[in-house]
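Student: My structure is below; once you've seen it, I'll send some questions.
The values are calculated or read from the model by the stated rules, or taken from the named source; none is laboratory data. Given the structure is predicted, the values throughout are model-derived calculations rather than measurements. Note that each Cβ is placed from the backbone with ideal geometry, even for glycine, and that neighbours are counted across all protein chains shown. To get the accessible areas, we keep the full protein, side chains included, count just its heavy atoms, and leave off ligands, DNA and RNA. Shrake-Rupley method; radii C 1.70, N 1.55, O 1.52, S 1.80 Å.
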Amino acid sequence: MGKFEVLDHPLIQHKLTIIRNKDCGTREFRQVADEIATLMAYEVSRDMPLEDVEIETPMGKTVQKQLAGKKVVVVPILRAGLGMVDGILNLIPAAKVGHIGMYRDEKTLQPHEYFVKMPGDLENREMFIVDPMLATGGSAIMAVDALKKRGAKSIKFVCLVAAPEGVKALREAHPDIDIFAAALDDHLNGDGYIVPGLGDAGDRLFGTK
Ligand code: PRP
Ligand code: URA
């Protein structure tokens, strides 16, 4: 079973409170969401494998550590996932970026996929799916389906706010993946929004509506 972890570092909690506030404008929301994503990338990459490498410092030869193994692909679920990409690339600048376009039907809450563009060789890559909101879990489940269908074997899902309903659904559908959230909130309302949440993440990031 993959793990579910709430990354509740004080800086993450503080910054999340800033963007939850309804008076936080688009510019600040974007900047702080990015900062949270950077802090989360630090925690999410904690189990990355290392290998020995011989280098020479000004004082002589030494064996030190460098990252080994699979190359990372950051996969934002459009639109709102875009708000976490730069934050993660701050720490993992060599990562590739794949995109999954998905929107949730406002009435049925069912996700619809409209775009997928991935780098090749997903079998040998570490995939970080990013989306600020894990609500019913429908979008996340479909995104993981899309990556597995294309060969991905190692997948982590990284969100800002998760609802218990979404965590349960995603773990049941894909027990092998790791899920990381900055907060686990209380519940979903009748319209499928996370409470207390932060509202519509895409609209708040891009200033729509
Ligand atoms: C939001 C959010 C997730 C999805 C979560 O996207 O960014 O992708 O809803 O809901 P779920 O867990 O119930 O599937 P939305 O469909 O609003 O699209 P947008 O990012 O383009 O605004
Ligand atoms: N999508 C959002 O943007 N916010 C929610 O609370 C739920 C789904």
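Student: Can you give the charge dipole size of the chain about its Cα centre, rounded to the nearest 20 debye, using +1 on the beta carbon of Lys and Arg and -1 on the beta carbon of Asp and Glu?
Tutor: Computed about the Cα centre, the dipole is about 380 debye.
Student: Over the range 6-147, average the accessible area per residue using a 1.4 Å probe and give it in Å², no decimals.
Tutor: Result: 55 Å² per residue.
Student: Compute the length gained on full extension between Leu91 and Asp121: take 0.36 nm times their separation in residues and subtract their Cα-Cα distance, giving the result in nm to one decimal.
Tutor: 8.6 nm
Student: Sort 135-143, 30-38, 7-15 by the packing proxy (mean of other Cβ within 10 Å over each peptide's residues), most packed first. Mind dumping the intermediate values first?
Tutor: Details: 135-143: 23.4, 30-38: 20.7, 7-15: 14.3.
For the peptides 135-143, 30-38, 7-15, the packing ranking is 135-143, 30-38, 7-15.
Student: Hey, can you rank 63-72, 41-50 by average C-beta count inside 10 Å, highest first?
Tutor: 41-50, 63-72
Student: Roughly what angle does helix 26-44 make with the longest principal axis of the chain, taking Cα atoms, 0 to 90 degrees, to the nearest 10?
Tutor: The answer is roughly 50 degrees.
Student: Cα centroids of the range 1-36 and the range 84-161: how far apart, whole angstrom?
Tutor: Using only Cα atoms, the two centres lie 19 Å from each other.
Student: State whether the range 1-47 is rounded, prolate or oblate according to the following rule on the C-alpha gyration tensor (a ≥ b ≥ c being the square roots of its eigenvalues): a/c under 1.5 gives rounded; otherwise a/b larger than b/c gives prolate, and the remaining case gives oblate.
Tutor: prolate
Student: What value, in deg cm²/dmol to 500, does the helix sum -39500 (n - 2.57) over DSSP H runs of n ≥ 4 give at 222 nm once divided by the residues of the chain?
Tutor: Dividing the helical sum by the residues of the chain leaves -9500 deg cm²/dmol.
Student: May I pose another question? Only Lys, Arg, Asp and Glu count, each charged at its Cβ (+1, +1, -1, -1), so figure out the dipole size of the range 125-209 about its Cα centre, rounded to 20 debye.
Tutor: 440 debye
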